[in-house]
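All remarks here apply to the structure that follows.
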């Protein structure tokens, strides 16, 4: 990857002898030695009056006014979400929907796109190519006319055995103990307890006693008899036959059927169909090694003028054994937990999913979590709590995308399932940030060349800088999407806005975590690109005054020299350079909750204290003067008067005791109040007493009169007089007798 040096930095490196950010960011000079690289910050003037502030910025030449093109390739859903929630409230996990009979109309596709669908998946196991072609053209029509940015994924069928026709269009239930016939012979209509397989010779190598598993465990059979190419199987675990259900044969815990290629003849025809229709992704089913992925990528490179990404589906035990090389060869991974659960014990699926997700992040490849995320919503309008927890766990593991299969393809509540997926992922992302669950991992080094290694380090530092400074967003200007992908790998808290002029890169970035791809015409001058994009977003109301963004780029100018540098800039929407206090305020605002403080009014000072302050004789002022003497005050002293100032401060400090304590200060403040402090208190007491008497004088008079009448009517007996009562002294107890009794009781056992 080429590392960028724009014209702005080249001019600065040629002219400036020192690299000084003393007056710009941290209050300390920053110098890059060895290359004589330097710059001094200058005021930046632009049409939008955007102040440029360096996090690693050298000063900039004045900007020109640019002709702004208002045609910005911005997804309408992202634009709406940005206006409603702001930068930090945007969802980062991408959503993939499988398109089927339940959502194939233009209106249904538009509603799914409005609810956040980033990628539309077409499963080539179902329907005809004409049907898929119609869906692809509808999606492209929505992208062009309605402003969406939905990518298209084609999922190959793979070399697997599945049901062709079981006689009815819907699911069919297999009862325990019933015997079924599985055959490759074609027949018309429906036959009871008869299932047609799609592959001729599927029964070769199958023996009596082998286990037949339907759709990853939906139903199970035991082979009881083999007659030619037909298999007679007895149901041991009742379940449902869905249309085009997958069949797999097992013997002693291992697959008993081998030898099928990864891509069948039909799959290669489907790949050609995807090339002709200009799809963005092709997902390979049942990938067992990296060679099959490389063969498909070479085929696409030779046949397609468009950059089509290849995703490998992990759904076999053999693919787990060669996981790292498959991830390295592919452009992304799909964790197909349904088929994977057939070969891997169910209790190990969560661990396997987390390991795959972690490894994909390490190797900078997007990963999709698929299969049965909200399976109950195929029939019911609400998901189970366990399904929501499953979705949240995938988001917590920082999976790039979540995928709906039957929920959207044939489900009764596909749109609602997508809404549940969106809300659950957004909530979990927010919770992860608030609870500081975004633990950083040590990413392995990917690039072999120096420029690639530099780009990785730049992205890592940029993400760390964005999180520490609390910027609102990261703007990356990229040609093919590499820099945006590296930023996504580090999982920053601010969203990543990837500006690119390559439509293929824009569609490919729809699977990257936290990346919002935007199609825009880019030029060699980075300042022109930055000014234009921020101007456009401000014009459309997507950027507010005072919001800070971090700018990164991997664009290589046509006039760049062999020695190039990548710039990282921090932009603040405003009309002046931000100060160091602005950065501190921004960091505290992003890192801590808002706390409202109550400011109390200071008590009124006495005249005596005011006079002491006027003369500079209060303990506080004397202590402050002493401290100023110790640390020095440049504003009050001249360099030539250092000796005189030092002796003056010593004379002041010797007149008073230096060991003044807080207790003495309080004592002096109390004694200084005198009569002036006593008069307000006396007035307050008199006011309270008078108010109480005026408010309760009727009750006081009634109480006094009542007790007076009782005394005169009952006489002296009304008041108890205990002066004449006889008092008997208490009984005397001799303590020595008690001690004697206790001593006898202690020695009594020994006497016996």
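Taking every pair of alpha-carbon atoms in the range 161-255, give the share separated by more than 17 Å as a whole percent. Walk me through the numbers before you get to the answer.
On the way: 1883 of 4465 pairs.
Above the 17 Å cut-off, the range 161-255 has 42 percent of its Cα pairs.
If you stretched the chain out fully between residue 687 and residue 347, how much longer would it get, using 0.36 nm times the residue separation minus the C-alpha to C-alpha distance? Present the calculation step by step, with values, prior to reporting the outcome.
Values: separation 340, 0.36 × 340 = 122.40 nm, distance 7.84 nm.
Stretched out fully, the residue 687 to residue 347 stretch lengthens by 114.6 nm.
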So, relative contact order of the range 161-255 in percent, Cα under 8 Å, 6 or more apart, is 37
When 235, 709, 103, 459 are ranked with the fewest other C-beta atoms within 10 Å first, the list becomes 709, 235, 103, 459
Expected sort for 360-372, 415-427 on mean C-beta neighbours within 10 Å, highest first, is 360-372, 415-427
Across all Cα atoms of the range 358-441, Rg and the largest Cα-Cα distance (Dmax), in Å, are 13.5, 41
With a ≥ b ≥ c from the Cα gyration tensor eigenvalues, square-rooted, and the rule rounded for a/c under 1.5, otherwise prolate when a/b > b/c and oblate otherwise, the range 222-337 is prolate
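Cut-off is 10 Å between beta-carbons; in what order do 687, 183, 93 appear when sorted fewest neighbours first?
Sorted ascending by nearby Cβ count, the order is 687, 183, 93.
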Expressed in angstrom and rounded, the centroid-to-centroid distance over alpha carbons for the range 328-401 and the range 477-499 is 23
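Would the range 325-378 count as rounded, prolate or oblate if I go by the C-alpha gyration tensor, calling it rounded below 1.5 in a/c and otherwise prolate when a/b exceeds b/c, oblate otherwise?
Values: a/c = 2.19, a/b = 1.61, b/c = 1.35.
Here the range 325-378 falls in the prolate category.
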Simple SL model, points at 7 angstrom along Cα→Cβ for residue 134 and residue 193; separation in nm is 3.9
Fewest-first ordering of 331, 108 by Cβ atoms within 10 Å yields 108, 331
Under the rule rounded for a/c under 1.5, else prolate if a/b exceeds b/c, else oblate, using alpha carbon gyration tensor axes a ≥ b ≥ c, the range 318-473 is classed as oblate
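Quick note: the coordinates plus some simple rules give every number you see, no bench work behind them. Note that this is a predicted model, so its numbers are computed, not measured. Don't worry about glycine lacking a Cβ; one is built from the backbone with ideal geometry, like all the others, and counts go over all protein chains shown.
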